[in-house]
Amino acid sequence: MLRSKKKDKENGKSEKKDKEKDKKSMKDDGAGSSKASTIPTIRTEDVGGDMIPADAPPPTNIGRTNTYGGGPVIPRRERRQSSSMFNISQNRELQRLPAIKDADPSERETLFIQKLRQCCVVFDFANDALSDLKFKEVKRAALNELVDHVSGAPKGSLSDAVYPEAIGMFSTNLFRPLSPPTNPIGAEFDPDEDEPTLEAAWPHLQLVYEFFLRFLECPDFQSQVAKRYIDQNFILRLLMIMDSEDPRERDFLKTTLHRIYGKFLGHRAYIRKQINNIFYSFIYETERHNGIAELLEILGSIINGFALPLKEEHKTFLLRVLLPLHKVKSLSVYHPQLAYCVVQFIEKDSSLTEPVISGMLRFWPKQHSPKEVMFLNELEEVLDVIEPNEFQKIMTPLFSQIARCVSSPHFQVAERALYYWNNEYVMSLVADNARVIIPIMFPVLFKNSKSHWNKTIHGLIYNALKMFMEMNQKLFDECSQAYQKDRVQEKTLNEEKERIWNNIEKQAMGNPQYVEVKALFARFNPDEIISSRQQNGVDENMKTSTVLSKDEILKNAVGVSSMKNDMDFGPNHKQSDFPPDEQTTRALGEYKRHDPFLKKVTSTDEQ
């Protein structure tokens, strides 16, 4: 129930964003129509907010996810114009052929094939964008006509002779070697600041992708005929260009691969195997691939359709591929899609909860606070679908980690962990297992209620203490008394340590060589060291009160919902800011997805 509400809320947000984006793009199109007459117009599917599939994986971002400000502006370096190297055709002179719709019905197929062959001519957009403008326009018009013809093709119009020509045209235009990455590799790569390198040949490539998708979606499409040409080599080459730096191309590739997976049952196992190989290379070798988010989005729709019970192959994929993906530095690029896949597995098989949470705890970041916030976000999604009996198996290590997060000096990490107390289902699980969880959390909450530097955290901690007190007053009092007793014992132990140190220091001063040794450490003042040790030891316990009254808790507790209605956690500040590239921003803003949301792929026995 809670999860469905959360999905509805997220769908509402995405619907609102899509509408705002549509309005903005319409406004931009109207303003710049006179200048952009050579840009092809693509008639794509319109999917409104009310048509969003309830089980669709979160879509991959096309542009930069965040815009930061406040820091010094860093000048941009020289950028390459194209993300790949095409095999340019020698003979590029094209003649405009008659329109297919005006031709005699008996001649339409022949003319259709002629236009497909004509579109196999590849032009140079990167080195000389102004060359062959007349012939480029002929090809663009032919591609637009092919898209229209396939979209409205009557049943029986796709004969066997069309398949090799259509698939060959797609292969000739799309399959090419990709250039080395423009953006830095490794720790220097920042997905939020490094602009993608856009494909210079996109005016033609977009139409080729659009044609091929319409071809695959045609009601008359026969997969038995097409599988002679869409073989394993074709799929492997398709996956290779998934590393393209242009996010628009990756979006089309994602949809294309999704359609192929759904229509060609015999290729499903091979596609999953090759995607696994890409992930293994990404995790353990390169830590660099541009299409990880898109591949995970495809897998999200595939996992959604897995038949029950899950096969061992799929469980192995979860434990050996999806979980290790959490440790890569660039997790923020693909985390929404990764979290969706993990939660889908747990919803289908609750017995996977323990290994999943144990794996997340094993890969938990130690020094990267924004990444820690992402882990906390994903962990709450897992807890939303966890079964009570599975929760009991992992609650001790789980809340030990949450306790460490509450103690974090980074206020966003502590804040995100404390927002768990606003989750009704999580709190119901805590109430059922209060005897185990409250003793783990109470010392941390009490200590940080006095010592944490951020006042907002104080209010959230008192809110958590208030909920524990209302949950089980007797246990709360027992924990409070135990905490006071532990602090007294700690104070006694520190006093004993101090007494021993004083004895050691007195004995050292009585040593004949004390003066010589002291001269070696002349720059250190032993009196300051002793004073500092005493202040950090015994005196620290005297400063912090070990008594927490009910009135104090009720007075300082702050309702989480009243403080923040929309929990949007993540890094919100950068030390520097790259100015956005206007041409790149405009090109990505004008792009419209063919299929904004991937639908569930129905499982079959061939999986």
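The values are calculated or read from the model by the stated rules, or taken from the named source; none is laboratory data. This one's a predicted model, so the numbers in the text were calculated from it and none came from an experiment. As a convention, Cβ positions derive from the backbone with ideal geometry for all residues, glycine included, and neighbour counts pool all protein chains shown.
Need at least 3 residues that are touching a Leu at 6+ places or on another chain (Cβ under 6 Å), of a type outside the set (S, T, N, Q) and within 17 Å of ASN556 (Cβ to Cβ) per element, so show me which helices (runs of 4 or more DSSP H) inside segment 399-514 make the cut, counting only ones lying wholly within it. Walk me through how you get there before you give the answer.
Values: elements: 411-418, 424-432, 434-451, 455-471, 473-509.
It comes to 455-471.
Go through segment 125-174 and count every residue that is in a helix (DSSP H, G or I) and of a type in the set (Ser, Thr, Tyr). Show your work before the answer.
So the first thing to find is which residues in segment 125-174 are in a helix (DSSP H, G or I), and the list is 133-151, 162-174.
Among the residues that remain, those that are also of a type in the set (Ser, Thr, Tyr) are: 151, 163, 171-172.
The number of residues fulfilling the criteria is 4.
Out of ALA339, ALA307, I need the residue that is out of contact with any strand residue (DSSP E or B) (no Cβ under 6 Å at 6 or more places or on another chain), small (Gly, Ala, Ser) and modelled with pLDDT under 95. Which one? Can you show your working first?
Values: ALA339 fails: modelled with pLDDT under 95.
Testing whether each residue is out of contact with any strand residue (DSSP E or B) (no Cβ under 6 Å at 6 or more places or on another chain), small (Gly, Ala, Ser) and modelled with pLDDT under 95 leaves just ALA307.
Say we look at segment 430-473 and pick out the residues that are surrounded by fewer than 15 Cβ atoms within 10 Å (Cβ to Cβ) and either without any contact (Cβ under 8 Å) to a residue 24 or more places away in the chain or touching a His at 6+ places or on another chain (Cβ under 9 Å) (or both); which of these is farthest from SER408 (Cα to Cα)?
GLN473
Just to be sure I understand, how many residues within segment 222-237 are assigned to a loop (DSSP other than H, G, I, E, B), surrounded by fewer than 18 Cβ atoms within 10 Å (Cβ to Cβ) and touching a residue at least 60 places away in the same chain (Cβ under 8 Å)? Steps first, answer last, please.
So the first thing to find is which residues in segment 222-237 are assigned to a loop (DSSP other than H, G, I, E, B), and the list is 222, 227-231.
Subsequent filtering for residues that are surrounded by fewer than 18 Cβ atoms within 10 Å (Cβ to Cβ) retains 222, 227-229, 231.
Restricting the remaining residues to those that are touching a residue at least 60 places away in the same chain (Cβ under 8 Å) gives 222, 228-229.
Of the residues in that region, 3 qualify.
In segment 404-452, what residues are more than 23 Å from LYS371 (Cβ to Cβ) and of a type in the set (Gly, Ala, Ser)?
Within segment 404-452, SER428, ALA431, ALA434, SER449, SER451 qualify.
Kindly state which helices (runs of 4 or more DSSP H) lie completely within segment 238-320 and contain at least 1 residues that are in contact (Cβ under 8 Å) with a residue 24 or more places away in the chain and within 19 Å of ASP595 (Cα to Cα). Steps first, please.
Working: elements: 247-263, 268-281, 292-304, 312-317.
Passing ranges, in order: 247-263, 292-304.
Hey, GLU294 hits all of (1) surrounded by fewer than 22 Cβ atoms within 10 Å (Cβ to Cβ); (2) within 18 Å of the chain's Cα centre (by Cα); (3) under 20 Å from LYS600 (Cα atoms) but one; which does it fall short on?
Every listed condition holds for GLU294 apart from (1).
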